[in-house]
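The structure appears right after this line, and notes come after that.
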Amino acid sequence: GADVAATPLGLMGGTFDPVHYGHLRLALDAADELRLPEVRWIPSGTPGHRAAAPRAPAADRLAMLRLAIADEARFSIDASELESDEPTYTVPMLERLRRELGERRPLVMILGMDSFLTLHTWRSWERLFDLAHFAVAERPGYELDVDKLPAPLANVYAERLAEAARIGERPHGYIVHFASARLAISSTDIRARIARGGSVRYLLPETVLRYIESKGLYR
């Protein structure tokens, strides 16, 4: 069979508070465009880089994620960070995955463009590229303007940009792009709508919506 150790593994990190169609479409587009047989969702416990703690308890965020990805065979969940009392930072999370999966497997962090543009503010960010590739979503027909990148990020971007097909060549170190339907949905907006009694239908899966309603989350 295929050499699993060399099969690229997609990674989706976040608080998923709640998970919504923007997250789901991003992960699916990455799986399709980058030919990833698996995308592993890694919900954070308390995110280290954000001041605000997640609004929904970890158990509820995990339950919503399970409901959301239930019918997509390529999606899986790693709940290790949720179960830890330590704040979730990306570098230690990737180091843990390396210990579990070995040095050879290509790991591919999937990011929206907005997250990528803040990458240089992440803790120990230069070390990220020794651990994983970064796959950055681009709107169809929209090119990233390198001149608009913050200087430290622009240098790294210029050095590491590669064709998407190359992520299987090595375990880490490239920045690649993939086209993704741009869904302007945010968890913050969803929580605000629920808080004021508005409808969030069509922003997230019906199963997740029903769960939120049954638990009275975000009110």
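Taken together, the values in this text are just the output of simple stated rules run on the coordinates, not laboratory data. Remember, it's a predicted structure, so these values are computed and weren't measured experimentally. Cβ sites come from the backbone with ideal geometry, for glycine too, and all protein chains shown count toward neighbours.
Taking every DSSP helix (H) stretch of at least 4 residues in the chain, weighting each as -39,500 (n - 2.57) and dividing the sum by the residue count yields a mean residue ellipticity at 222 nm of -9500 deg cm²/dmol. A DSSP coil position with no more than 12 other Cβ atoms inside 10 Å describes the following trypsin sites (Lys or Arg not before Pro) in the stretch 1-70: Arg50. Relative to the dominant Cα principal axis of the chain, helix 58-69 is inclined by about 70°. For the chain, the longest principal axis of the Cα atoms and the long axis of helix 206-215 meet at an angle of about 50 degrees.
Calculated on C-alpha atoms, the gyration radius of the chain divided by its Kirkwood radius gives an Rg/Rh of 0.95.
Specify the angular offset, from 0 to 90 degrees and rounded to the nearest 10, of the alpha carbon long axis of helix 90-101 from the longest principal axis of the alpha carbons in the chain. On a 0 to 90 degree scale, this one is about 70. Report the paramagnetic label zone for Glu86: residues of the stretch 30-52 whose backbone N is under 15 Å from a point 7 Å from Cα along the Cα-to-Cβ axis. Only 44-49 fall inside the zone, counting backbone N under 15 Å. When you filter the trypsin sites (Lys or Arg not before Pro) in the stretch 122-171 for DSSP loop state and at most 14 other Cβ atoms inside 10 Å of their Cβ, you are left with Arg123.
Restricting the GluC sites (Glu not before Pro) of the stretch 83-120 to loop positions (DSSP other than H, G, I, E, B) with no more than 11 neighbouring Cβ atoms within 10 Å leaves Glu83, Glu103.
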